[in-house]
Amino acid sequence: MSGIKVKQPESLILSDSQRQQVVFCTYPSLYSDIVLDELLRADQVEVVGVVTSTRVLRKNYNHLLASVRQVQQSGLRYATYLFVVTSLYSILQYVFQKPTLQQRLHKLGIPMLKTQDINDEDGLHFLQNQQPDILLSAHFNQLIKAPILEMGVECLNIHPSLLPAYKGVDPAFYAMLRREQVTGATVHVQDQDFDSGEILQQQSVQIRWHDSLLSLNMKLFKLGAISAVKQITDVVKESAGDSKIVQPGSGNYDSWPNPYDAKQFRQVRKFFRWKELIRFIRRSA
């Protein structure tokens, strides 16, 4: 760790004329592109790097083993949904001649790091080289730990629920399974536990009768990305931190759905509709 230079917190306070430099952390998916689109669209944001997770379930799993374990753990229905929004989504981008995440970054000259652990030496050196003001994660399956949290970079996360409710894996799934009428997206400061840390902004959304898991998550990540851009350009620059709210209570935490949960979900909701997926790809950049 001796080669890592610690960035001083006061460097986060920028003048209005400067753009906030952001490193975006994610697991490549349809939802990643939704968030990246908003970041690239924002005038006061400059994406200086992207960290993509290659971890599936566990750090030591390869893709084949992880796929088998995912089916065993969550059932074929839910595992298929995950395949659709990640691997199949990338395949369909090729079919429809749309650029993948990696192709977009290459064209824009934005450095990318693929890693199973952002906290290892490669991850730390990548962040040191990119010198971001903000580290933003969304749909990211790795816990950001102390060495990064202590680098003086503001670490934020987009979580698709109204924290502290529905912490954990795929909160939209559980909100729909439990027949909630309202959910939302939270932008919060990251600390050493998943989905904790002070809340910067929350936006709620109605769960419509016709929503699929895909369509609801698309709305939540879009809403979260818009909120994150606002926080990056406005709130994060405030040194006093008066806008930050401590999460009220510990909330509930849900892990991966089990096959019974997935079966119950399918009786009341759809995981996705093909027309939703194809429409999004056709309209993408």
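Quick note: the coordinates plus some simple rules give every number you see, no bench work behind them. Keep in mind that this is a model prediction, so the values were computed, not measured. All Cβ positions, even for glycine, are placed from backbone atoms using ideal geometry, and neighbour counts span all protein chains on display.
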When you check Y31 against the structure, is it at negative phi, buried (at least 16 other Cβ atoms within 10 Å of the Cβ) and touching a His at 6+ places or on another chain (Cβ under 6 Å), yes or no? yes
Counted residues, segment 169-185 - those being under 15 Å from the mean Cα position of the chain (by Cα) and surrounded by fewer than 17 Cβ atoms within 10 Å (Cβ to Cβ): 1
Count - residues of segment 58-91 that are buried (at least 16 other Cβ atoms within 10 Å of the Cβ) and either touching a Cys at 6+ places or on another chain (Cβ under 7 Å) or outside any helix (DSSP H, G or I) (or both): 1
Among the residues in segment 236-253, are any outside any loop (DSSP other than H, G, I, E, B) and among the aromatic types (F, W, Y)? yes
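Here is a yes/no grid of residues against (1) closer than 15 Å to V35 by Cβ; (2) β-branched (V, I, T); (3) in contact with a Phe, Trp or Tyr (Cβ under 6 Å, 6 or more places away or on another chain):
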| position | (1), (2), (3) |
| --- | --- |
| V182 | no, yes, no |
| A185 | yes, no, no |
| F194 | no, no, no |
| Q201 | yes, no, no |
| S215 | no, no, no |
| K219 | yes, no, no |
Can you give me the number of residues within segment 186-224 that are assigned to a loop (DSSP other than H, G, I, E, B), under 18 Å from the mean Cα position of the chain (by Cα) and either closer than 17 Å to K244 by Cβ or among the small types (G, A, S) (or both)? 8
Per the filter on segment 138-166, residues β-branched (V, I, T) and assigned to a loop (DSSP other than H, G, I, E, B) are I144, V153
